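The values are calculated or read from the model by the stated rules, or taken from the named source; none is laboratory data. These numbers come from a predicted model, not from an experiment. Cβ atoms come from the backbone with ideal geometry, glycine included; neighbour counts cover every protein chain shown. These area figures cover heavy atoms from the full protein model, side chains too; ligands, DNA and RNA do not enter into them. Shrake-Rupley method; radii C 1.70, N 1.55, O 1.52, S 1.80 Å.
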Amino acid sequence: MPNSNTRPKRDRRTRRQPREDPARNELICRTLESAQQCLSNQDYGTAFVYYLLVLNLAPVLKHFARESFRFTLFKIVDEWESEGRIEELLHSFGLALEVFPDDEIILNSLGELLFRLGFRDEAASHFHKALKLKPDYPEARENFYRAANWLVERWHFLMLNDRGRNQKYQQAIQKAVERGCNTVLDIGTGTGILGMCAKKAGAASVFACEWSKTMYELACEVVTANGMKGGINILHKKSLDMEVPKDIPHRVSLVNISHDTMSPEASETGRVIPAGATVFGMAVESLEVRRHHRLCVSEVGGLSLRAVGQLHSPVSCTVEADDSMEPYTTERLSRIPGGYTALTQPFRALDIDFNNVKELEGLSSREMQRLHLPVTQEGTLDALAVWFQLHLDQESSISTGPQEDTCWEQAIYPIQNPD
């Protein structure tokens, strides 16, 4: 029988409880009292420093002090923002998030500050983080979509609402995957819709990239909502900065270009959708275009404007145009007030093969060419209207011409001096 008087042996693996440190506890208590006293005296900056010290010395007090800490932080936001102490404010938010990295209210407040300062992409990112932590946080949700409305370009809505375009892209991707292109890169993924089309078509691996932080986060949300989170790898990166195997493990067999820039190397990986494009142009007369880009009257109410001279808009594509000038604007010619008159037949300006690397590399170095266009209708030359036809593959194409009902408008190159 075991000896009942034998003491049980101490388990050497059992850790001893840390001894209380009276001096440390005294420091924590006094610092906490100082923080509360400063808060009571409305000395919010000093109170914030004391709270930081307390919570770093005694993380166990985070739950107890969280509300007071937030209150103090938001008070210094009110004070310091009005005083223009922005750098100190941003630093304070950084310190606060080191203590409470998963505090949705602090993240939302930082997002609001960044939004007010004009850093809307960064603001949207913080609103999104707050929503991930607390999906039913109404303030963060409202703030996120408010920021997104600033950041999402209007053509996203036009493209997503263009059923004909989306259907043709989906069919082209479906055919490409069925013909063996089972690894896909979606460049400029936007909401992720075309990457999801590739995955739905059966592609084994789908990668996507998006430079806009807000659109990247929206794409992640859309992909997750469609149950494809593990099937599509979305990168917050410019396509030109992507590397193999650093960003994607291997070259892909299909590249889809939504609206971003494609590096010439992308087409070396396999097929590209769209496969190519043809650019068309036409000389037009349009009073609406004219009055938007140059002075059309010589007097107003009997008062002469001749001294104004050749005043025109900053939209110009002349050889003398500098970087401050926009080369073109856009219009939907079929809906332009007053209509337009075609002065020439549509002409073929350029053919581009997106699968031909040498051709893509040579685009920027092409020599200028002079075109001679027969005039088919008398009138005043107000602009060159330009559009394109996308060749998705050998069987399918999308035209953006003046008579087509698509999401794209026509590019308008105004003629500032028709003489």
Query raised in the report: Mind checking which residues of segment 45-65 are within 19 Å of residue 91 (Cα to Cα) and open to solvent by 20 Å² or more (accessible area, probe 1.4 Å)?
Result: 45, 46, 49, 50, 52, 53, 56
Query raised in the report: Which of the residues spanning segment 362-405 are assigned to a loop (DSSP other than H, G, I, E, B), at pLDDT 90 or above and under 31 Å from the mean Cα position of the chain (by Cα)?
Result: 392, 393, 396, 400, 401, 402, 403, 404
Query - Single unsatisfied condition, residue 417 versus (1) open to solvent by less than 50 Å² (accessible area, probe 1.4 Å); (2) in a loop (DSSP other than H, G, I, E, B); (3) modelled with pLDDT under 95; (4) not acidic (Asp, Glu) - result: (1)
Report task. Within segment 200-213, identify whether any single residue is in a helix (DSSP H, G or I), among the basic types (Lys, Arg), surrounded by fewer than 23 Cβ atoms within 10 Å (Cβ to Cβ) and out of contact with any helix residue (DSSP H, G or I) (no Cβ under 9 Å at 6 or more places or on another chain), and answer yes or no. Result -> no
Query raised in the report: Out of curiosity, is residue 225 at pLDDT below 95 and surrounded by 15 or more Cβ atoms within 10 Å (Cβ to Cβ)?
Result: no
Report task. Inspect all residues belonging to segment 151-166 and state whether any of them is open to solvent by less than 20 Å² (accessible area, probe 1.4 Å), over 18 Å from residue 408 (Cα atoms) and of a type in the set (A, V, I, L, M). Result -> no
Query raised in the report: Only one residue in 219, 176 is of a type in the set (A, V, I, L, M, F, W, C), at pLDDT 90 or above, surrounded by 19 or more Cβ atoms within 10 Å (Cβ to Cβ) and under 14 Å from the mean Cα position of the chain (by Cα). Which one?
Result: 219
**Report entry** Residues of segment 378-403 satisfying the condition of being surrounded by 15 or more Cβ atoms within 10 Å (Cβ to Cβ), farther than 20 Å from residue 272 by Cα and not small (Gly, Ala, Ser)
**Finding:** 381, 382, 384, 386, 387, 402
Report summary line: Just one listed residue, out of 148, 96, 130, is among the small types (Gly, Ala, Ser) and touching a Gly at 6+ places or on another chain (Cβ under 9 Å), and it is 130
Requested in this report: Check off (1) touching a residue at least 40 places away in the same chain (Cβ under 8 Å); (2) under 24 Å from residue 313 (Cα atoms) for residue 335 and give me the number that stays unchecked.
Outcome: (1)
Query raised in the report: Counting only residues that are aromatic (Phe, Trp, Tyr), under 19 Å from residue 217 (Cβ atoms) and open to solvent by less than 40 Å² (accessible area, probe 1.4 Å), how many does segment 85-144 have?
Result: 4
Requested in this report: Specify the residue that is modelled with the lowest pLDDT; the eligible residues are those in segment 23-44 that are open to solvent by less than 100 Å² (accessible area, probe 1.4 Å) and farther than 26 Å from residue 79 by Cα.
Outcome: 23
Query raised in the report: Is it the case that residue 190 is farther than 30 Å from residue 144 by Cα, of a type outside the set (Ser, Thr, Tyr) and assigned to a loop (DSSP other than H, G, I, E, B)?
Result: no
Report task. Among the residues of segment 331-389, write down those that are touching a Lys or Arg at 6+ places or on another chain (Cβ under 9 Å) and among the hydroxyl-bearing types (Ser, Thr, Tyr). Result -> 380
